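Taking it in order: structure first as structure tokens, then the write-up.
The values are calculated or read from the model by the stated rules, or taken from the named source; none is laboratory data. No experiment lies behind these values; they were computed from the predicted model shown. Note: accessible area is taken over every heavy atom of the protein model, side chains too, but ligands, DNA and RNA are not part of it. Shrake-Rupley method; radii C 1.70, N 1.55, O 1.52, S 1.80 Å.
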Amino acid sequence: MMADSDAELKEEIIRLKEKRNAIILVHNYQLGEVQDMADFIGDSLELSQKAAGTKADVIVFCGVHFMAETASIICPDKKVLLPDMHAGCPMANMITVSGLREKKKEHPGAKVVCYVNTTAAVKAESDICCTSANGVRIVEQIPLNEEIIFVPDQYLGGHIAAKTGRKMILWPGYCPTHIRIRPQDIARQKAEHPQAKVVAHPECRPEVTALADEVLSTGGMIRFSRETEAEEIIIGTEIGIIYRLRKENPGKRFFPASEQAVCPRMKLITLESIRWSLQEMAPEVKVPERIRLKAKIAVDKMLEVG
Ligand code: 13P
Ligand code: SF4
């Protein structure tokens with residue numbers, strides 16, 4: 001059987017989307033052809049805010065599992081589809097509920113701030129959730145006398161601790177994609193493009209973020225690139241974002257800090273899997289109600305801060 005062309009797949013997805021009253025939410029790291037199908041594209045915070053406000057019956061989440069789970073936590077009456085169930089974030093799997101409970105026992109009374117890159121079950125064990133866009137704001141509003149456990153990303157946690165001056169107990173998790181970016185990669189790009197500004201994601205190692213002009217979420221990088229006078233920008237994050245940056249800023253030049261910074265799980269979502277998902281209305285991500293209600297407290301607190 002001959003494979004359908006991208007144009008045929010896109011047409012079919014649009015038809016199915018209307019039939020199902022679905023919205024397609026897409027993370028900034030997705031494949032270019034998937035980004036082109038987005039009703040909305042953004043970072044983790046923007047996508048959860050969009051999920052909270054949509055009137056669609058079905059959310060097709062083109063991202064990784066924890067993002068679809070967060071949409072399910074916020075909108076239990078909607079059907080949330082993740083076109084490929086294997087699209088999981090390895091960092092989210094670096095912390096378990098039992099591991100977190102142990103840590104809480106060691107620090108009774110400490111507030112638990114969990115990165116949104118966690119399972120719903122870990123969110124249910126946490127006090128408040130955050131993303132890379134609002135982590136500093138979230139930690140700033142925790143009273144100074146409270147001890148803070150931050151899970152699971154040691155580098156985002158370290159960045160927030162440095163920005164807020166708060167001492168935090170950090171879980172030793174990390175993003176296997178962002179740690180591939182090395183300081184020498186930034187230095188090499190800087191040597192080749194001395195006028196360029198450098199932006200880096202807070203999941204990068206501190207030796208890398210120390211070399212950046214700005215440390216930003218992916219949504220922050222999109223805004224910075226639009227607004228800056230600089231015509232050349234070195235991008236210290238997963239390389240999928242470069243497609244959107246080039247599309248939205250044709251007059252500017254973007255250089256990936258490292259071509260090695262690829263998140264393979266993000267790339268599992270394809271036009272074929274989106275079409276299949278809308279045809280079959282599967283695979284569905286649904287958080288069990290008992291966990292959802294507890295996790296929602298941490299997510300709602302985050303959304304209140306914005
Ligand atoms: P953003 O929220 O900045 O898009 O980051 C999500 C993520 O998974 C980074 O690796
Ligand atoms: Fe997870 Fe890293 Fe992929 Fe983001 S880039 S989804 S943190 S593995």
Expressed in angstrom and rounded, the centroid-to-centroid distance over alpha carbons for segment 109-134 and segment 1-37 is 32 Å
How long is the gain from D77 to E33 if the chain were fully straight, where each residue apart is worth 0.36 nm and the alpha carbon distance is subtracted? 12.9 nm
Segment 198-254 versus segment 42-108: alpha-carbon centroid distance in Å: 24 Å
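At 0.36 nm per residue, minus the direct Cα-Cα distance, what do N93 and R226 gain on full extension? Give it in nm, one decimal, please.
On the way: separation 133, 0.36 × 133 = 47.88 nm, distance 3.38 nm.
Contour length minus the Cα-Cα distance gives 44.5 nm.
Write down the accessible area per residue of the chain in Å², having rolled a 1.4 Å probe over the full set of protein chains.
On the way: 13500 Å² over 306 residues.
In whole numbers, the chain has 44 Å² accessible per residue.
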Apportionment of accessible area to carbon and sulfur, the chain, percent (1.4 Å): 51 percent
Over the chain, the sum of -39500 (n - 2.57) across DSSP H runs of at least four, divided by residue number and rounded to 500 deg cm²/dmol, gives at 222 nm -12000 deg cm²/dmol
Flagged links, alpha-carbon separation over 22 Å, of K19/K123; K104/K286; K163/K197; K19/K296: K19/K123; K104/K286; K19/K296
Alpha-carbon Debye profile of segment 185-306, log10 I(q)/I(0) at 0.12, 0.13, 0.14, 0.21 Å⁻¹: -0.63, -0.71, -0.78, -1.11
